[in-house]
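See below for the structure under consideration.
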Amino acid sequence: TGLIVSFGEMLIDFVPTVSGVSLAEAPGFLKAPGGAPANVAIAVARLGGRAAFIGKLGDDEFGRMLAGILTQNDVSDSGVMFDQGARTALAFVTLRADGEREFMFYRNPSADMLLTPDELNFDLIRCANVFHYGSISLIVEPCRSAHLKAMEVAKDAGALLSYDPNLRLPLWPSAEEARKQIMSIWDKADVIKVSDEELEFLTGRIDDESAMSLWHDNLKLLLVTLGEKGCRYYTKNFHGEVPSYKVKTVDTTGAGDAFVGSLLLSIVDDYSIIEEEQGLKEVLKYACACGAITTTKKGAIPALPTRPQVLKLVHGSLSAWKDYILTLL
Ligand code: ATP
């Protein structure tokens with residue numbers, strides 16, 4: 001299959017050992033490796049696809065641990081750099097009793113923000129069939145320039161560009177700046193995925209009209225994820241909704257990244273599948289199943305599904321999916 005290259009941050013989330021407490025009340029924390037672009041690369045590899053991650057880590061124990069997680073999951077680390085001076089990014093994250101997520105970032109600056117355009121592995125970027133990125137790498141220099149350069153090289157080499165803004169408001173100087181910078185690379189992407197909250201942040205509303213106001217001429221597919229409800233899709237010619245699956249949710253972290261990983265793997269070898277509505281709906285069924293399964297286990301990376309898990313959820317029982325496989329042979 002084709003190669004999916006994901007660009008951006010990889011970091012460690014520290015999550016409280018007990019749920020429903022504020023950061024100050026937490027008695028202790030567990031390490032949960034993450035960073036949306038890294039999660040997407042691992043999601044692709046877990047499903048059997050070829051993936052690489054590009055980003056910078058600290059030359060410290062946490063950085064080496066994260067690089068190890070990439071390679072243990074069959075994600076190429078040939079685009080990973082190590083900074084000699086700055087530490088690997090950390091974030092303390094909690095889901096408080098009132099349901100609000102509270103973030104505290106340690107990035108002053110962290111290694112991920114210090115990737116320079118010169119440090120990019122251009123050979124790797126030119127091999128990408130799909131090049132995926134977020135918006136956190138746009139916040140400060142020199143990473144911002146590295147991000148823009150990598151996008152340009154990938155596009156020139158013929159890659160499909162995939163964008164999931166993954167808004168983290170506390171990292172931006174202001175909401176206005178976040179909106180402006182997120183939109184500054186909007187019309188470069190071929191595929192864009194936003195959550196319903198991000199749609200509201202960008203347009204002030206959540207409806208078809210507001211989603212379509214985000215359309216641009218070169219866009220092939222716009223997706224709005226709706227948590228347990230599934231997702232809505234928009235193309236030049238049609239739009240609609242695909243429901244998700246009922247599962248026992250324990251932690252939604254990484255659901256969006258699993259969704260994107262599955263989507264990109266489904267289209268990496270043949271983008272034209274998204275031009276036909278039935279084909280696209282089929283692709284999105286699997287993406288929703290991947291997102292749903294990811295919510296059934298704590299953390300993002302440990303919860304990302306394998307292909308048999310997804311087929312089992314989509315096709316009912318394991319024997320049902322075996323029958324389905326036989327029809328394909
Ligand atoms: P993230 O928490 O990673 O930032 P996101 O907000 O980008 O996620 P979501 O809408 O939460 O994205 O989830 C992505 C997809 O995963 C959804 O479109 C849906 O198909 C599936 N999903 C998420 N939460 C659930 C759930 N509780 N039950 C079933 N499916 C879910």
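Residue by residue, here is whether (1) among the aromatic types (Phe, Trp, Tyr); (2) within 16 Å of the ligand (Cβ to nearest atom); (3) touching a Lys or Arg at 6+ places or on another chain (Cβ under 9 Å); (4) under 30 Å from Ala289 (Cα atoms) holds:
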site: Ala32; (1), (2), (3), (4): no, yes, yes, yes
site: Ala41; (1), (2), (3), (4): no, yes, no, yes
site: Gly58; (1), (2), (3), (4): no, no, yes, no
site: Ile69; (1), (2), (3), (4): no, no, no, yes
site: Phe92; (1), (2), (3), (4): yes, no, no, yes
site: Ser110; (1), (2), (3), (4): no, no, yes, no
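Residues of segment 152-177 that are buried (at least 17 other Cβ atoms within 10 Å of the Cβ) and of a type in the set (S, T, N, Q): Ser162, Asn166.
Scoring Tyr245 on the criteria (1) surrounded by fewer than 18 Cβ atoms within 10 Å (Cβ to Cβ); (2) touching a Ser or Thr at 6+ places or on another chain (Cβ under 6 Å) leaves a single failure, condition (2). Scanning segment 76-106 for residues that are open to solvent by less than 40 Å² (accessible area, probe 1.4 Å) and either aliphatic (A, V, I, L, M) or farther than 17 Å from Thr253 by Cα (or both) returns Gly79, Val80, Asp83, Ala86, Thr88, Ala89, Leu90, Ala91, Val93. Residues in segment 248-268 that are open to solvent by 10 Å² or more (accessible area, probe 1.4 Å) and more than 10 Å from the ligand (Cβ to nearest atom) were compared, and the one that is nearest to Ala38 (Cα to Cα) is Leu265. Quick check on my filter: what residues within segment 295-308 are part of a helix (DSSP H, G or I) and either crowded, with 19+ Cβ neighbours inside 10 Å or within 9 Å of the ligand (Cβ to nearest atom) (or both)? Those that are part of a helix (DSSP H, G or I) and either crowded, with 19+ Cβ neighbours inside 10 Å or within 9 Å of the ligand (Cβ to nearest atom) (or both): Ile301, Ala303.
Considered as a group, the residues in segment 269-294 that are over 19 Å from Leu47 (Cα atoms) and among the charged types (D, E, K, R) include one that is nearest to the ligand (Cβ to nearest atom), and that residue is Glu277.
For segment 120-143, the tally of residues that are crowded, with 17+ Cβ neighbours inside 10 Å and not in a loop (DSSP other than H, G, I, E, B) stands at 11. Taking segment 183-196 as the range and being under 21 Å from Val130 (Cβ atoms) and open to solvent by less than 50 Å² (accessible area, probe 1.4 Å) as the test, the residues that pass are Ile185, Trp186, Ala189, Asp190, Val191, Ile192, Lys193, Val194, Ser195. Within segment 27-40, not a single residue is crowded, with 18+ Cβ neighbours inside 10 Å and over 28 Å from Glu102 (Cα atoms). Please enumerate the residues belonging to segment 197-233 that are open to solvent by 80 Å² or more (accessible area, probe 1.4 Å), under 28 Å from Asp251 (Cα atoms) and among the charged types (D, E, K, R). Passing the criteria: Glu197, Glu200, Arg205, Glu228, Lys229.
The values are calculated or read from the model by the stated rules, or taken from the named source; none is laboratory data. Just so it is clear, the model here is predicted, and its values are computed rather than measured. Positions of Cβ are backbone-derived with ideal geometry, glycine not excepted, and every protein chain shown enters the neighbour counts. Just the protein is used for accessible areas: all its heavy atoms, side chains included, with ligands, DNA and RNA removed. Shrake-Rupley method; radii C 1.70, N 1.55, O 1.52, S 1.80 Å.
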